[in-house]
Amino acid sequence: MSTLQITDLHASVLTDEGPREILRGVTLTVDSGSTHAVMGPNGSGKSTLAYVIAGHPKYVVTQGSVTLDGQDVLTMSVDERARAGLFLAMQYPVEVPGVSVSNFLRTSATAMRGEAPKLRTWVKEMKEAMAALQMDPKFAERNVNEGFSGGEKKRHEILQLALMKPKIAILDETDSGLDVDALRAVSEGFNAFREETGAGTLLITHYTRILQYIHPDHVHVFVDGRIVESGGPELAAVLESDGYERFVSAGSTAS
Amino acid sequence: MTTLQAPPTDLAPVVISARIDDFAVPHGREEEWRFTPIGEIAGFFEPDPAAGAVIAEDSSFVTVVDMDHDNAGRWLPVDRAAAVARAGAPRVVRVRVPDDTVVEEPIVVTLSGEAARNHAHVEVRLGRHSKATVVVAHDLAVDVSGALVTEIGDGAHLTMLSVMDGPATSVQLWHWPVRVGRDATFIGSTVTIGGRIVRMLPSVTYDGPGGSATLLGAFLADGGQFIEHRILVEHVAPHCTSSVIYKGALEGAGTHTVWVGDVVVRRDAVGTDTYEMNRNLLLDDGARADSVPNLELETGDIASAGHASATGRFDDQQLFYLQSRGIPEKVARQLVVRGFFVDVLSRLGSAHWRDTVLARIAQRLGMDPELESSLEETA
């Protein structure tokens, strides 16, 4: 049982004109086995929340706390956070020229597990995980994210999730840029991971589409840097029919 | 830092001569010397009776003979240091592969200088329709000025590698003139990671149509090294191709690398296909990289011509991505540097040399040899 506890989190982005506040007091608890969908309009800061938890150097936390099972996440380096059990599936995975997927994954697994996995068992493990996501084995020879289609990038993110088995998974707009087939494959891969590990999930999305495949227990509406309303899956249906309009005006009034 | 500027009116050398006095002593403001710390190499601009020979061990295709100036290849010096070296080199290291011969194993030529300062003359000649790989391992324990005169017969295929690996103490001034025969193929690579002051000047010209030249380079500089590569490709014949790809990584205050890529397409060189690229990776704020691609076209009737140059710092996004997968920063940097070089090294035409050079680069950057071998294993 793990708990990601976010309390009154304020964070700013560093720009040439100085820091600009984006997160304005986020409080959220994600336990193992539960799936929280964070939904909000463009520019609401929901992706920033994901990056701040992962430790992207572009952002600075000005107030509040993030803990994983009581441990202070914010004092950890980016790689320490990952090894502590946090995983961020990125909306825009980064190209790393000259580094093959297989080298990348094995280096990552070595770091996560504390020792290099035996080559033979590792190759088998990787092949099975790729097959489960309907990925061509040749994929392992390509350079990380270089020339990948949108669907390939997201499958690759979920492949890493399946291999690294984090305690808490954060999915940032994993559905963006996916056609229906890719969305289904990615969602099935994620659901298999969730079922196997019982991890907690923070699912960040603009659209309700992915929620047809990955069912949330809780839905939070994220506007202007904070959560303005929380509810069950039915809240997603309201967003689907009414949009964010009501919450956006409410958010502006509040700020 | 990157320097880009309009090309001079003619990129090819103005003076070509065996006579030392046909070249003035450089003062450092000349285009071809403007980056070089000229005061530190002045000894190579005057004849030096104390200078030694550069030799190699004889083997199947390698002999060392006395210099015969009347029969020292078709190449003539294009600067004063080269003229001094050619006049002063007592011995010639000769690599000869006869016509219609395929040599399976690489011909490794390990150069050795006899004195503290040496004049070298190396000749590599590949007969027509032959195929060979030649690896020249330079002697970085001593100062050397010389030429690596290379001639490839019609239809022949030469893969050649110049390796400068060793202490960062010596001066190395080298011309590497290459003549590519009709329909011949040349893949010439420089790996430069040693030497205190290095000038390596590959130049390519074509003896007939249909020739293909690929010039690859990987260089690594730190601790105040000066490493300069100047490339000249002169397209004089129709339907030839040239591809130049150089990559360098550098760090440390006072470290300076220079890459100049000159490509000239003469009026008769119709159907030319040429591309040149230099990328430099700055590992810290102290080092300086100059990168100057120049392209001169005398005909528009070509297949393609392009060039690219970029010097950048470590990409923080790449580091973030790798670290977010649990990979510690030091290992992440190692992956990125290795990845930076691996594509150019994969084109050398030898997995052995690709891995050897990658391992040496990792070692030089103080990286983890265990990770390096695990990466090779997985790859």
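The values are calculated or read from the model by the stated rules, or taken from the named source; none is laboratory data. Bear in mind the structure is a predicted one, so any value in this text is a computation, not a measurement. Cβ placement follows ideal geometry from the backbone for every residue including glycine, while neighbour counts extend to all protein chains displayed.
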- Check whether at least one residue in region B:36-45 is under 22 Å from the mean Cα position of the chain (by Cα), in contact (Cβ under 8 Å) with a residue 60 or more places away in the chain, assigned by TED's automatic domain parsing to the domain that holds B:G146 and assigned to a loop (DSSP other than H, G, I, E, B), and report yes or no. yes
- Message: Need the failing condition index for A:T174 against (1) more than 13 Å from chain B (Cβ to nearest Cβ); (2) surrounded by fewer than 24 Cβ atoms within 10 Å (Cβ to Cβ); (3) within 24 Å of A:V30 (Cα to Cα), just the number.
- Response: (2)
- Message: So, restricting to strands (runs of 3 or more DSSP E) that lie completely within region B:125-228, which ones have at least 3 residues that are modelled with pLDDT of 95 or more and within 24 Å of B:E57 (Cβ to Cβ)?
- Response: B:131-137, B:143-152, B:157-164, B:171-180, B:185-192
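Here are some residues: B:D273, B:D285, B:D290. Which one is in contact with a Ser or Thr (Cβ under 7 Å, 6 or more places away or on another chain), away from chain A (no Cβ under 14 Å), surrounded by fewer than 20 Cβ atoms within 10 Å (Cβ to Cβ) and among the charged types (D, E, K, R)? Give the steps one after another, and end with the answer.
On the way: B:D285 fails: in contact with a Ser or Thr (Cβ under 7 Å, 6 or more places away or on another chain); B:D290 fails: surrounded by fewer than 20 Cβ atoms within 10 Å (Cβ to Cβ).
Of B:D273, B:D285, B:D290, the one residue that is in contact with a Ser or Thr (Cβ under 7 Å, 6 or more places away or on another chain), away from chain A (no Cβ under 14 Å), surrounded by fewer than 20 Cβ atoms within 10 Å (Cβ to Cβ) and among the charged types (D, E, K, R) is B:D273.
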- Note on the structure: Given (1) under 21 Å from the mean Cα position of the chain (by Cα); (2) within 19 Å of B:D343 (Cα to Cα); (3) not hydrophobic (A, V, I, L, M, F, W, C), B:R288 misses just (2)
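Across region B:342-352, which residue is surrounded by the most Cβ atoms within 10 Å (Cβ to Cβ) among those that are part of a helix (DSSP H, G or I) and more than 7 Å from every other protein chain (Cβ to nearest Cβ)?
Here the answer is B:L345.
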- Query: In region A:65-88, which residue that is facing chain B (nearest Cβ under 9 Å) and assigned to a strand (DSSP E or B) is nearest to A:T3 (Cα to Cα)?
  - Reply: A:L86
- Just one of (1) buried (at least 24 other Cβ atoms within 10 Å of the Cβ); (2) touching a helix residue (DSSP H, G or I) at 6+ places or on another chain (Cβ under 6 Å) trips up A:L86, so point out which. (2)
- Does B:D70 count as assigned to a loop (DSSP other than H, G, I, E, B) and not polar (S, T, N, Q)? no
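Among A:M126, A:M130, which is the only one that is at pLDDT 90 or above and away from chain B (no Cβ under 14 Å)?
Numbers: A:M126 fails: away from chain B (no Cβ under 14 Å).
Every option except A:M130 fails the conditions.
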- Note on the structure: Here the residues within region A:157-181 that are of a type outside the set (S, T, Y) and in a loop (DSSP other than H, G, I, E, B) are A:K165, A:P166, A:K167, A:E173, A:D175, A:G177, A:L178, A:D179
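Condition check ((1) within 9 Å of chain A (Cβ to nearest Cβ); (2) surrounded by fewer than 14 Cβ atoms within 10 Å (Cβ to Cβ); (3) out of contact with any Gly (no Cβ under 9 Å at 6 or more places or on another chain); (4) farther than 30 Å from B:L232 by Cα) across all residues:
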| position | (1), (2), (3), (4) |
| --- | --- |
| B:L297 | no, no, yes, no |
| B:S304 | no, yes, yes, no |
| B:R313 | no, yes, yes, no |
| B:Q318 | yes, no, no, yes |
| B:Y321 | yes, no, yes, yes |
| B:I327 | yes, no, yes, yes |
| B:V331 | yes, no, yes, yes |
| B:R338 | yes, no, no, no |
- Message: Being small (G, A, S) and either buried (at least 19 other Cβ atoms within 10 Å of the Cβ) or touching a strand residue (DSSP E or B) at 6+ places or on another chain (Cβ under 9 Å) (or both): is that true of B:A72 here?
- Response: yes
- Message: Only one of A:Q212, A:Q134 is surrounded by fewer than 23 Cβ atoms within 10 Å (Cβ to Cβ) and on the phi > 0 side of the Ramachandran plot. Can you tell me which?
- Response: A:Q134
- Out of all the residues in region A:93-123, which are surrounded by 15 or more Cβ atoms within 10 Å (Cβ to Cβ) and either away from chain B (no Cβ under 13 Å) or hydroxyl-bearing (S, T, Y) (or both)? A:S100, A:S102, A:T107, A:S108, A:T110
- Note on the structure: When region A:45-60 is checked residue by residue, the ones that are more than 7 Å from chain B (Cβ to nearest Cβ), buried (at least 17 other Cβ atoms within 10 Å of the Cβ) and either small (G, A, S) or more than 13 Å from the chain's Cα centre (by Cα) (or both) are A:G45, A:S47, A:A50, A:G55, A:Y59
- Item | Single condition A:R113 does not satisfy, out of (1) more than 23 Å from A:Q91 (Cβ to Cβ); (2) in contact with a His (Cβ under 7 Å, 6 or more places away or on another chain); (3) not polar (S, T, N, Q) | (2)
